[in-house]
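Every number in this text was worked out from the coordinates using simple rules, so none of it is lab data. Everything quoted here is computed from the prediction, not taken from an experiment. Neighbour counts run over all protein chains shown; Cβ positions are idealised from the backbone, glycine included.
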Amino acid sequence: MSCQFTQAVGQLSIQIRLLIVETLISHQLTIFLVSRPSLLMCAFAVIVTLACASCVTASPRTGTTSTFALTSIPRKLPISKTPRTCNVSHLPIFTLVHQADIFTIYGVEADQQAVLDVAEVLQEQAIQVNHALGYDYRDPITVEIFPDQESLDQYGMNPDMKGYYAYSGNHLIQMVSPRKPTIHQEIDYSQRVGIAVHEYVHLVNNVINPTMPPWLNEGVAIYMGPHELYAYVCQNIFPFEQIPPFRELEQSYDSVPAADLFAYALVDFIIHEYGQENLNLLIRNPDRLEVILGTARSEFERHWREYMKLHYIER
C-alpha cells in the first residue's frame, strides 16, 4: 500500500459521521442517566456519546473527517489536523483486497466477510448518495479496514483522532472492522458496515464544497448514512431542553453538546420542509440560506423548533 493514500489529508467528516462527543458526558447528564437507567435512557446515552459536542464533524478544508468516537469521548473534535507520514512497514498486513467499482477495499485475513460487506454497501449506496446530492463522484477511493480500534489508533492517518471509529480524507477511508463489536451493543453489525457510507458522503461533500460548515457536512453525512439511533432518539427521547441556538451550531459546532444530533435534526427538517433540491443548493451555497430557502434566518430557526416539537417526542 502506497503512502500516497495516507499522507496529507483533506475536514468534520467525519464526523459521522461518524455519525454523529465530550471527554466526559456532562455531570448533569451523568446524574440523569444514573437515576433513570431504562433502555430508552441507554439509547440516549449512546447517541450522546456519538454526537455530544460533535459526534464528529471536522472541517473539510485541510483535515480528516472523523465519524464515530466509540471508545473515547473527546471534548472537542480535532479539526484541520495534518496526518502523520505513514510507516508502511508498521501497518497491519492487509492481505485481502477487493475491487468494487471506484472502491478498493483492503483488510486483514480475518475480515474477508467484512471486506465484502463494506464493498457491497458502498457500491450500492454510493449511487443513491450521488443521485441525492446531484454529483457524480467518480474518483478512486481506497478503504482500509483495520482489525481493531487499537491498530487504527496507532497506525491511522491521523494520530490525534484516537478513539474514533472511522475517518476520511484525500480519497481515503480508514475504519475499524465492523467484525469487532463496539462498546455500544445497540450499534449492530450492519450499522458498523454502513459507517463506510457515512464517510463516503463526507468525501463527496468535501468535493462539492470544501468549506461546507460542520453542521451541514455532518448532518448530511448522518442523514444519508446509518442513522437509526438518531432517528430513535428523535422519536422517543428527544432532549428539547438542550436545543442550541442555530447560530451556535454555525459558529461553535465543536462546543455544542450533542451537536450531531441537532445537525441531523436540521437536515431532516430542511429535506422535509424545503426539499432535497434546496438542500443541494444550500450545500453548495450555505451563506445564501435566506435566499435559497426564502425565509429570514430568525424565521428559519423558529420553523425548525416548531418542526421538532411537532415531529419529535420528548424524553
For 106-116, 160-170, 238-248, ranked highest to lowest by mean beta-carbon neighbours within 10 Å, the order is 160-170, 106-116, 238-248
Extend 7 Å from the Cα of HIS171 along its Cα-to-C-beta direction; within region 124-142, residues with backbone N under 14 Å of that point are 137-142
Expected sort for 139-149, 270-280 on mean C-beta neighbours within 10 Å, highest first, is 139-149, 270-280
Simple spin-label estimate for ARG288/GLN154, 7 Å along Cα→Cβ, in nm, reads 5.0
Mean Cβ-within-10 Å packing, highest first, puts peptides 214-225, 281-292 in the order 214-225, 281-292
